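Each remark here refers to the structure printed beneath this line.
The values are calculated or read from the model by the stated rules, or taken from the named source; none is laboratory data. Source: prediction; values computed, not measured. Note: ideal-geometry Cβ built from the backbone for every residue, glycine included; neighbour counts use all protein chains shown.
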Amino acid sequence: MRLRPLAVLLSLPLLALTAATSAAAAQPVPAAVVDDHPVADHMMAGHAVIASSSVDQDFRRGLAYRNGDGVPRDAAQAVRCLARAAERGVPAAMFILSHMLAEGEGAARDGAAARRWLEMAAQAEYPEALQEMAMTERDPARAAELVREAAHAMQHRAHER
């Protein structure tokens with residue numbers, strides 16, 4: 001699957017959201033939440049795209065704030081952290097961010113940005129994104145292709161552990 005340049009796919013509204021919210025001071029997250037988050041370990045397993053520990057920490061912090069895991073729930077802070085990780089190429093962050101934007105969780109509801117992040121996660125061969133796109137695809141042949149791609153991506157994930 002061919003990946004499009006990240007800059008082409010990012011929307012201006014999401015960039016504005018990130019710029020506006022990144023200026024806000026991030027509340028400290030206990031190291032144990034960042035370093036030992038079982039959901040994050042599952043969602044990040046096998047993703048070679050993650051290039052630095054700060055990206056990893058942004059993703060884990062985003063999950064912690066979204067779920068109230070070791071910190072008070074803060075959907076807006078979760079969106080900020082997940083947006084930073086998504087912009088740096090973390091497919092799981094793209095997928096979760098797409099759901100938060102679609103539901104208006106932590107940010108204004110933005111269906112167009114949510115769809116772009118979902119498509120980017122699918123282009124990065126994130127199985128859950130491929131499955132979701134298959135479920136909403138109107139063309140049965142394309143839906144079947146997306147399901148096959150999701151199954152293939154899941155096999156790769158299983159072998160990378």
Practice prompt. Return the total of residues in the stretch 104-145 being under 15 Å from the mean Cα position of the chain (by Cα), of a type in the set (D, E) and assigned to a helix (DSSP H, G or I).
Written response: 3
Worksheet, complete the sentence: Every listed condition ((1) surrounded by 15 or more Cβ atoms within 10 Å (Cβ to Cβ); (2) not aromatic (F, W, Y); (3) not in a helix (DSSP H, G or I)) holds for R157 save (3)
Worksheet item: Looking at this structure, is E160 touching a helix residue (DSSP H, G or I) at 6+ places or on another chain (Cβ under 7 Å) and outside the structural domain of N67 (by TED's automatic domain parsing)?
Response: no
Discussion item. Exactly one condition in (1) surrounded by fewer than 23 Cβ atoms within 10 Å (Cβ to Cβ); (2) charged (D, E, K, R); (3) part of a helix (DSSP H, G or I) is false for R60; which is it?
Written reply: (1)
Worksheet item: M94 passes all but one of (1) surrounded by fewer than 20 Cβ atoms within 10 Å (Cβ to Cβ); (2) closer than 20 Å to V55 by Cα; (3) not hydroxyl-bearing (S, T, Y); which number fails?
Response: (1)
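Filter the stretch 67-91 for residues that are free of Cβ contacts under 8 Å to residues at least 60 places away in the same chain and crowded, with 24+ Cβ neighbours inside 10 Å; which is farthest from M120 (Cα to Cα)?
Going through the qualifying residues, I end up with A78.
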Item to complete: Could you tell me whether the stretch 104-114 includes any residue that is basic (K, R), free of Cβ contacts under 8 Å to residues at least 60 places away in the same chain and under 16 Å from A75 (Cβ atoms)?
Response: yes
Discussion item. Residue under question is R2, and the condition is that it be outside the structural domain of E145 (by TED's automatic domain parsing), exposed (fewer than 14 other Cβ atoms within 10 Å of the Cβ) and modelled with pLDDT under 95; does it hold?
Written reply: yes
Item to complete: Would you mind stating whether R109 is assigned by TED's automatic domain parsing to the domain that holds N67 and farther than 20 Å from G89 by Cα?
Response: yes
